[in-house]
Amino acid sequence: MKFQRVLLCAAVCAALATLAGCKPQGPAGSASSTDKAAAERAAAIANENADQFIERINKEMHDDYREITAAAWLGDTYINEDSQLVSSKANERSLAKLGEYVEQSRRFDGKPMKPETARAIQLLRLGITMPPPKDPKHLAELTSIGTKMSGDYGAGKWCPDKDNPASCKDIGQIDDVLSDVPNRSYDEQLQAWQGWHTISMPMKKDYVRFVELSNEGARDQGFADTGALWRSNYDMKPEEFQAETDRLWGQVKPLYEQLQCYTKNKLVEKYGTQGEVNGMIPAHLTGNLWQQDWSNLWPLVEPYAGVPALDVTPKLKRQRDDKYKQELAGFVSKNGRVPSAAEEVEIGRAADLAQAKAMVRSAEDFYVSLGMPRLPESFWDKAQFVQPRDRDVVCHASAWPMTMDGDDVRIKMCIKPDQDSLETIYHELGHIYYYLAYHKEPALFQNGANDGFHEAIGDTIVLSMTPDYLNSIGLVDKPTVSNEAVINGQMRRALSGVAFLPFGLMIDRWRWGVFDGSIKPDGYNKAWWELKAKYQGVAPATPRGEEFFDPGAKYHVPGNTPYTRYFLARVLQFQFLKSLCDASGYKGPLHQCSFANSPEAGKRYWAMLSKGASQPWQATLKELTGSEQLDGGAILDYFAPLNTWLTEQNKGKQCGWDAAKK
């Protein structure tokens, strides 16, 4: 094994020698030929023009990609010290190389080049979410901390009884408590919410150092800080982008305020004075760890009881139970006996996997109905569909292009037979089909038109999962057509979609302040809750001092994933929906439209996806929607019936909140 590692090291070292400053080593007598090859490569690189530079970078990125993603996949699906080291070191090598590419690109500033080359260089410089410091030691430290925080989150557990490991609960088990709103007491929900937020407390020291090192990397790339780099990646100036998101929030804020008011007053009806904090919603009472999705509050806020529900969870659970019965019958038939307890667990696991794959195939069928291709066969063998029993994994759903050739794409999920998982699957396949659509583009253009586009693709499909569509695939009965059914359906959608909007903004508002230094480490938690109060009208029920690090309890903070993309996606998905419904020939209220089985809508969607990042997002948006501007108007159009109903319900009620009081 040692010999193999030496050879691998030598090969990697030689490949990166010119770019990363690594001096190749070889046996006696080979130095001359090795040095000559390195010198020739260095001369070729020194003499290349901008177009040749980008051609080389695209090829090298393509060739390196498989190794990088394999290491990251291992780090997320087999969490241990070894996998974290492999993932960290692969990320370190990748970032070092990327930093060198950016540095090399500067010699072409002001030089003639093709327009597509100029765009590729722009994307090369701006597409770094974790900018690498030039100092090799600091780069190694940055990637190590980043991997550690992600692993710590994935392995996080709350142990009510520290002396009893059996009492420990992972995020799924804690979520089960919070989601069971009707059957859990105020104190049970508070304890579970507080329990999960203990897992992030040890991260704060690491995060402070992570910010320092990331900012160092951003300055090395010519930016004031990491937040400024992130905001520069939208084909507009950073300050213009911030103003644009403020404008969009101003459009949709009145709708959110109506939803917040109605929900808060329903909580007060159930919990009395404990149901609000100075007009704000207590953080642990939303049925969600981060207050980003209020779907679990449905039993409390349902507008019209008795109207047939469109919850697909019962049907999905019955499907899973049927698969269990089939697996059990097959075992008995094959073995002539009932299974042991251990064998019964494995039968249950087989049923879980079969149901998870069936749910994914349902989503695949939607995309195929638009004229898009079937998923590669390797997808079904390599994706993570259910949570393993034998190891820690990051259960947070994600979609992965393992190569840049469209031949190995995967999702990583811990699927349950419920509506939330089903909608998440339809969303994640949006990423997958985006990867498949643009995989023929050069490496630097293999991305979304902007990062909001990537999130919006699947979200648009989820909006198209209308009652009629769900009925067509056998998950619900023929939907009732009435005003009450419309309001109920819109309320369900708003509890996830509208409730999310301010959360989609505030996370990066917090990080931008952290990165630019206006939010200091000794005020991290204070600033977090001030922003949650300002944007969401949400507050903790008990004091949350600086001994806590509540931002770290949300995966995207330790995972260093920019979050404004999700806010943009919420706006874009409704714009996309309107355009695709128009393309399908649909005439009627936007909230009732499904463009499933429309080849024309699929043709237009695929054409947009195929562009990747090859042109400014404004041009890509215009090709589908006819406008270069993001617009929250389609959200208001979609939710118009609910907004009218909420306004009527809130008349005479105490609305608004005092963000200055907590």
Within the range 194-253, residues open to solvent by less than 60 Å² (accessible area, probe 1.4 Å) and without any contact (Cβ under 8 Å) to a residue 60 or more places away in the chain come out as GLY195, THR198, MET236, PRO238, PHE241, ALA243, GLY250
Can we say LYS162 is surrounded by fewer than 19 Cβ atoms within 10 Å (Cβ to Cβ) and at pLDDT 95 or above?
-> no
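Scanning the range 65-81 for residues that are in a loop (DSSP other than H, G, I, E, B) and open to solvent by 40 Å² or more (accessible area, probe 1.4 Å), which turns out nearest to SER144 (Cα to Cα)? Break it down stepwise before answering.
Taking the range 65-81 and keeping what is in a loop (DSSP other than H, G, I, E, B), we get 78-80.
Within this subset, residues satisfying the condition of being open to solvent by 40 Å² or more (accessible area, probe 1.4 Å) are 78, 80.
Numbers: TYR78: 17, ASN80: 14 Å.
Ranking the candidates gives ASN80 first.
Please specify each residue of the range 503-520 satisfying the condition of being surrounded by 16 or more Cβ atoms within 10 Å (Cβ to Cβ) and farther than 29 Å from GLY275 by Cβ.
Across the range 503-520, the qualifying residues are ASP508, ARG511, TRP512, GLY513, VAL514, PHE515, ILE519.
Helices (runs of 4 or more DSSP H) wholly in the range 270-385 with at least 2 residues that are touching a residue at least 24 places away in the same chain (Cβ under 8 Å) and more than 21 Å from GLU257 (Cα to Cα) - which ones?
In the range 270-385, the matching helices (runs of 4 or more DSSP H) lie at 313-335, 341-369, 377-382.
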Do you know which residues across the range 404-418 are in a loop (DSSP other than H, G, I, E, B), closer than 13 Å to LEU436 by Cβ and either in contact with a strand residue (DSSP E or B) (Cβ under 9 Å, 6 or more places away or on another chain) or without any contact (Cβ under 8 Å) to a residue 24 or more places away in the chain (or both)?
-> ASP408
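Specify which of the listed residues (GLY602, GLY612) is closer than 16 Å to GLY430 by Cα, part of a helix (DSSP H, G or I) and open to solvent by less than 30 Å² (accessible area, probe 1.4 Å).
On the way: GLY612 fails: part of a helix (DSSP H, G or I).
Within the list GLY602, GLY612, the selection yields GLY602.
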Please identify the pairs in which a residue from the range 477-490 that is among the charged types (D, E, K, R) has its Cβ atom under 6 Å from the Cβ atom of a residue that is open to solvent by 40 Å² or more (accessible area, probe 1.4 Å) and part of a loop (DSSP other than H, G, I, E, B), counting only partners at least 6 apart or on another chain.
-> GLU484/TYR304
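Please state which one of GLU484, GLU455 is out of contact with any Asp or Glu (no Cβ under 9 Å at 6 or more places or on another chain) and surrounded by fewer than 18 Cβ atoms within 10 Å (Cβ to Cβ).
Details: GLU455 fails: surrounded by fewer than 18 Cβ atoms within 10 Å (Cβ to Cβ).
When all the criteria are applied, what remains is GLU484.
Taking only the range 552-569 into account, find how many residues are part of a helix (DSSP H, G or I) and either out of contact with any Asp or Glu (no Cβ under 7 Å at 6 or more places or on another chain) or of a type outside the set (Lys, Arg) (or both). Please lay out each step first, then the result.
Let us first name the residues in the range 552-569 that are part of a helix (DSSP H, G or I), namely 552-553, 564-569.
From the residues that got through so far, the ones that are either out of contact with any Asp or Glu (no Cβ under 7 Å at 6 or more places or on another chain) or of a type outside the set (Lys, Arg) (or both) too are 552-553, 564, 566-569.
Adding up the residues that qualify gives 7.
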Please find, among GLU55, GLU40, the residue that is over 27 Å from the mean Cα position of the chain (by Cα), at pLDDT 95 or above and either open to solvent by 30 Å² or more (accessible area, probe 1.4 Å) or not basic (Lys, Arg) (or both).
-> GLU55
Which residue pairs have Cβ atoms under 7 Å apart, sit 6 or more places apart or on different chains, and have a first residue in the range 66-89 that is touching a residue at least 12 places away in the same chain (Cβ under 8 Å) and a second that is open to solvent by 50 Å² or more (accessible area, probe 1.4 Å) and of a type in the set (S, T, N, Q)?
-> SER88/SER144
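Yes or no: GLU628 under 30 Å from LEU259 (Cβ atoms), part of a loop (DSSP other than H, G, I, E, B) and over 24 Å from the mean Cα position of the chain (by Cα)? Reasoning before the result, please.
Working: under 30 Å from LEU259 (Cβ atoms): yes; part of a loop (DSSP other than H, G, I, E, B): yes; over 24 Å from the mean Cα position of the chain (by Cα): yes.
Answer is yes for this residue.
Taking the conditions exactly as written (outside any loop (DSSP other than H, G, I, E, B) and surrounded by fewer than 20 Cβ atoms within 10 Å (Cβ to Cβ)), does GLU623 satisfy them or not?
It is true that GLU623 is outside any loop (DSSP other than H, G, I, E, B) and surrounded by fewer than 20 Cβ atoms within 10 Å (Cβ to Cβ).
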Can you name the residue in the range 131-154 that is in a loop (DSSP other than H, G, I, E, B) and surrounded by fewer than 22 Cβ atoms within 10 Å (Cβ to Cβ) and is also modelled with the highest pLDDT among such residues?
-> ASP135
Among all residue pairs at least 6 apart or on different chains, which show Cβ distances below 7 Å where the first residue, located in the range 36-57, is without any contact (Cβ under 8 Å) to a residue 12 or more places away in the chain and the second is outside any helix (DSSP H, G or I) and surrounded by 14 or more Cβ atoms within 10 Å (Cβ to Cβ)?
-> ARG56/GLU48
What are the residue pairs meeting all of these: first residue in the range 623-644, first residue over 15 Å from THR460 (Cβ atoms), second residue open to solvent by 60 Å² or more (accessible area, probe 1.4 Å) and in a helix (DSSP H, G or I), Cβ atoms under 6 Å, and 6 or more apart or on different chains?
-> GLU628/LYS622
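Would you check which residues across the range 632-651 are part of a loop (DSSP other than H, G, I, E, B) and open to solvent by 40 Å² or more (accessible area, probe 1.4 Å) and list them? It would help to see each step written out before you state the result.
Applying the first criterion (part of a loop (DSSP other than H, G, I, E, B)) to the range 632-651 yields 632, 639, 650-651.
LYS651, the sole residue that qualifies.
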Sort out which residues of the range 326-356 are among the charged types (D, E, K, R) and under 35 Å from the mean Cα position of the chain (by Cα), and write them in order of number.
-> GLU327, GLU344, GLU346, ARG349, ASP352
Determine if the range 529-542 includes at least one residue that is at pLDDT 95 or above, crowded, with 20+ Cβ neighbours inside 10 Å, touching a Ser or Thr at 6+ places or on another chain (Cβ under 8 Å) and of a type in the set (Ser, Thr, Tyr).
-> no
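For the subset of the range 389-403 comprising residues that are over 20 Å from the mean Cα position of the chain (by Cα) and touching a residue at least 40 places away in the same chain (Cβ under 8 Å), which member is least open to solvent (accessible area, probe 1.4 Å)? Step through it out loud before you land on a result.
Of the range 389-403, the ones over 20 Å from the mean Cα position of the chain (by Cα) are 389-391.
Still in the list and also touching a residue at least 40 places away in the same chain (Cβ under 8 Å): 389, 391.
On the way: ARG389: 152, ARG391: 66 Å².
My answer is ARG391.
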Residue, farthest from LEU285 (Cα to Cα), within the range 165-193, restricted to residues that are open to solvent by less than 70 Å² (accessible area, probe 1.4 Å) and of a type in the set (Asp, Glu) | ASP170
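The values are calculated or read from the model by the stated rules, or taken from the named source; none is laboratory data. Quick caveat: nothing in here was measured; it's all calculated off a predicted structure. Virtual Cβ from ideal backbone geometry, glycine too; neighbours counted across all protein chains shown. Just the protein is used for accessible areas: all its heavy atoms, side chains included, with ligands, DNA and RNA removed. Shrake-Rupley method; radii C 1.70, N 1.55, O 1.52, S 1.80 Å.
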